[in-house]
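Here's the structure we're looking at; comments come further down.
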Amino acid sequence: MRIQSKLPGVGVTIFTVMTRLANDHGAINLSQGFPDFDPDGELYELVEKHMRMGRNQYAPMQGVMALREKISEKTAELYGRSYDPAGEITVTSGATEALFAAITSVVGRGDQVIIIEPAYDSYAPAVELSGGIPVYCAMRYPGYSIDWDLVRDSITPKTKLIIINSPHNPTGSVLSPADIAALRDITSGTDILILSDEVYEHIIFDSVVHQSMARDPELAARSFVVSSFGKTYHTTGWKIGYCLAPAPLSAEFQKVHQYLTFASNTPVQHAYAEFMEKKGVCRSLPEFYRGKRDLFISLVQNSRFRCVPSRGTYFQMLDYSGITDEPDVEFARRMTEEHGVAAIPPSVFYHDGVDTRVLRFCFAKKEETLERAAERLCAI
Ligand code: GLN
């Protein structure tokens, strides 16, 4: 039997490849982005409590109402915009599902979707499965800022969607108010929609303010805003995220979501809602992760790696051009096998494999993990 692949260019994701390689060689895994420390113990108790209270059957399709209310309050408090829990908020099975549902709900055959590269690896396959055409606009090392002239020149009557990600994985760059103004200007008077991946909204450093699309009335009116509880509460394995969008967009989004998963994990949604009720908006995360970023940078200061400090996310790019001229995929493999530290080669986040001899390291790790990894990196 011959199978005609719908995604002929897609293989196993780099996160799976590098984590497997790290495990096979007993390497310290700074590749795939996840914390190696535990979430707040109270969350475990809350999940158990809600399971014992019998909240073990399907949640409402849009998500548990108490959680939607908390998301609404949080967004109003932080970004000054009120999303209606009844029709403008959908809880999803991770941000990954929200991204897929948003893209699928609006992109049709022949529609063009602008993707800023390097780009998180799930965007383009979702566009292609919908029959859409990715149009790439590259950000370049070391500044990694968006070239808005290039974005403007890439727009055609077929442009349906622009995908934005800030704080940005893998580069650690963040949008500025000037970026928001440029995006507003470019899309003003058009029907172009925006998918804003804001999963690292609470992981942003040096007093920089997160520029959520929700802050800007004009942009919010054309945006799907996606976030994830996994990043905020150190629970990437619990896979709960959400999407905010004006009612007409949310209605289309929910048509897809209801057949993709229908609903997401019930007791975990109740637990997050109660946790948010008790703890309020998560304000300690920037300081927590800034400490880890600064520790990691200071530990590798005397190595042959060079860096520009990350401004958001829990990733730090390190330039290894002072060590070798090997392509990043090869060096990432050799570093894992021979030096016992795994990282992500960012060339895989460019459709044409742009390789600037940098690697992405995840610093969402215990101090001792970062110390052991840095010791090995300093020996290269
Ligand atoms: N978002 C995580 C990262 O960038 C990984 C997610 C995944 O494994 N698919 O490392």
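Would you mind estimating how fast the chain diffuses translationally, via Stokes-Einstein at 25 °C and 0.890 mPa s with the Kirkwood radius over Cα pairs, in µm²/s?
Answer, rounded: 115 µm²/s.
Explain nothing, just the number: dipole magnitude of the chain about its Cα centre with +1 on each Lys and Arg Cβ and -1 on each Asp and Glu Cβ, in debye rounded to the nearest 20.
That gives a dipole near 500 debye.
How much accessible area per residue does the stretch 4-72 have, in Å², with a 1.4 Å probe?
Details: 3970 Å² over 69 residues.
Heavy-atom accessible area per residue stands at 57 Å².
At a 1.4 Å probe radius, carbon and sulfur cover how many percent of the accessible area of the chain?
On the way: 8070 of 16050 Å².
Its accessible area is 50 percent carbon and sulfur atoms.
Rank 279, 255, 292 by mean-square fluctuation in a GNM of the chain with C-alpha springs under 10 angstrom and give only the top-ranked residue.
279
Taking the chain as a Gaussian network, where each spring joins two C-alpha atoms under 10 Å apart, which residue of 150, 318, 359 fluctuates the most?
150
Among 25, 339, 210, what's the order by accessible area (1.4 angstrom probe), most exposed first? Write down the numbers at each step before the final one.
Working: 25 85, 339 55, 210 10 Å².
Result of the area sort, largest leading: 25, 339, 210.
Among the DSSP beta bridges whose two residues both lie in the chain, what percent are antiparallel, rounded to the nearest 5? Kindly include the intermediate steps, with their values, before the conclusion.
Values: 16 of 37 bridges.
That works out to approximately 45 percent antiparallel.
Output ³J(HN,Hα) for the stretch 313-328: one whole-Hz value per residue in order, computed from phi by the Karplus curve 6.51 cos²θ - 1.76 cosθ + 1.60 with θ = phi - 60°, and x for Gly and Pro.
Running phi through 6.51 cos²θ - 1.76 cosθ + 1.60 with θ = phi - 60° gives 6, 10, 10, 10, 7, 10, 8, 10, 5, x, 9, 7, 9, 4, x, 4 Hz.
Return one whole number: the accessible area per residue of the stretch 246-338 in Å², for a 1.4 Å probe. It would help to have the intermediate numbers written out before the result.
Values: 4300 Å² over 93 residues.
So the stretch 246-338 comes to 46 Å² accessible per residue, rounded to a whole number.
Can you list the residues of the stretch 118-139 with backbone N under 20 Å from a point 7 Å past the Cα of residue 350, pointing along Cα to Cβ?
Counting backbone N atoms under 20 Å from the label point, the list is 118-125, 134-139.
Considering Cα pairs under 8 angstrom that are at least six residues apart, work out the relative contact order of the chain and quote it in whole percent.
Normalised by residue count, the contact order of the chain is 25 percent.
Per residue of the stretch 184-193, in order, report the coupling 6.51 cos²θ - 1.76 cosθ + 1.60 (Karplus, θ = phi - 60°) as ³J(HN,Hα) in whole Hz, putting x for Gly and Pro.
Result, ordered by residue: 4, 5, 5, 9, 4, x, 10, 9, 5, 9 Hz.
What length, rounded to one decimal in nm, is gained on full extension from residue 56 through to residue 375, with 0.36 nm per residue of separation minus their alpha-carbon distance? Don't skip to the end; give the middle numbers.
Working: separation 319, 0.36 × 319 = 114.84 nm, distance 4.59 nm.
Taking 0.36 nm per residue and subtracting the Cα distance, the gain is 110.2 nm.
Specify the residue with the greatest mean-square fluctuation among 228, 212, 82, computed from a Gaussian network of the chain linking alpha-carbon atoms under 10 Å apart.
82
Rounded to the nearest 20 Debye, what is the dipole magnitude of the stretch 123-176 about its Cα centre when Lys and Arg each give +1 and Asp and Glu each give -1 at the C-beta?
It comes to approximately 80 debye.
What dipole magnitude, in Debye to the nearest 20, does the stretch 1-113 give about its Cα centre under +1 on Lys/Arg Cβ and -1 on Asp/Glu Cβ? Could you put the intermediate results ahead of the total?
Numbers: 11 positive and 14 negative charges, 126 e Å.
Once rounded to the nearest 20, the dipole reads 600 debye.
Suppose accessible area is computed on protein heavy atoms with a 1.4 Å probe; arrange 197, 355 from highest to lowest.
Working: 197 5, 355 45 Å².
Reading off the accessible areas and sorting them downward yields 355, 197.
Filter 239/366; 255/278; 49/74; 158/231; 74/366 down to the pairs with a C-alpha to C-alpha distance above 30 Å, please.
On the way: 239/366 22 Å; 255/278 33 Å; 49/74 24 Å; 158/231 34 Å; 74/366 28 Å.
Table pairs above 30 Å Cα-Cα are 255/278; 158/231.
Full-extension gain between residue 4 and residue 260, please, as 0.36 nm times their residue separation minus the C-alpha to C-alpha distance. It would help to have the intermediate numbers written out before the result.
Values: separation 256, 0.36 × 256 = 92.16 nm, distance 2.25 nm.
Taking residue 4 through residue 260 to full extension adds about 89.9 nm, to one decimal.
The values are calculated or read from the model by the stated rules, or taken from the named source; none is laboratory data. Worth saying up front: this structure is predicted, and the values here are computed from it rather than measured. Positions of Cβ are backbone-derived with ideal geometry, glycine not excepted, and every protein chain shown enters the neighbour counts. Surface accessibility is based on the protein's heavy atoms, side chains included, excluding ligands, DNA and RNA. Shrake-Rupley method; radii C 1.70, N 1.55, O 1.52, S 1.80 Å.
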